[in-house]
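Student: Input: one structure, supplied below.
The values are calculated or read from the model by the stated rules, or taken from the named source; none is laboratory data. Quick caveat, the model's predicted, so the values are computed rather than measured. Here the Cβ positions follow ideal geometry from the backbone for every residue, glycine too, while neighbour counts run over all protein chains shown.
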Amino acid sequence: MSEPFIVEVWGKLAGVVLKEGDAFRFHAMASPFLALDGAAFAKPGLARLAAARLDNDQTRAAGRSLGKACH
């Protein structure tokens with residue numbers, strides 16, 4: 001069995017990546033990253049990149065929501 005890869009985004013635990021056959025499967029550990037749970041990637045680094053993009057998209061969406069509420 002291969003070693004798990006811990007995926008963190010800006011200090012937040014996003015999930016764990018495990019080798020499954022020819023792919024690396026992402027297992028989410030926090031709610032912002034549940035959209036990626038079970039996704040397969042060719043390389044572990046691609047899972048981290050996907051988690052970072054997802055986190056960035058959600059952060060921007062939350063900022064827009066807060067901006068609307070403040071006006």
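Student: Looking only at residues that are assigned to a strand (DSSP E or B) and touching a Leu at 6+ places or on another chain (Cβ under 9 Å) in segment 4-16, which one is nearest to Asn56 (Cα to Cα)?
Tutor: Val9
Student: Out of segment 18-39, which residues are surrounded by 16 or more Cβ atoms within 10 Å (Cβ to Cβ) and touching a Leu at 6+ places or on another chain (Cβ under 9 Å)?
Tutor: Phe24, Arg25, Phe26, His27, Ala28, Met29, Pro32, Phe33, Leu36, listed by residue number.
Student: Let me ask something else about it. Return the only residue of Pro44, Pro32 being under 17 Å from Glu8 (Cβ atoms), in contact with a strand residue (DSSP E or B) (Cβ under 6 Å, 6 or more places away or on another chain) and modelled with pLDDT of 85 or more.
Tutor: Just a single option satisfies the conditions, and that option is Pro44.
Student: Further, regarding this structure: Of the conditions (1) outside any helix (DSSP H, G or I); (2) at pLDDT below 95, Phe24 clears all except one; give me its number.
Tutor: In the conditions (1) outside any helix (DSSP H, G or I); (2) at pLDDT below 95, Phe24 misses (2) alone.
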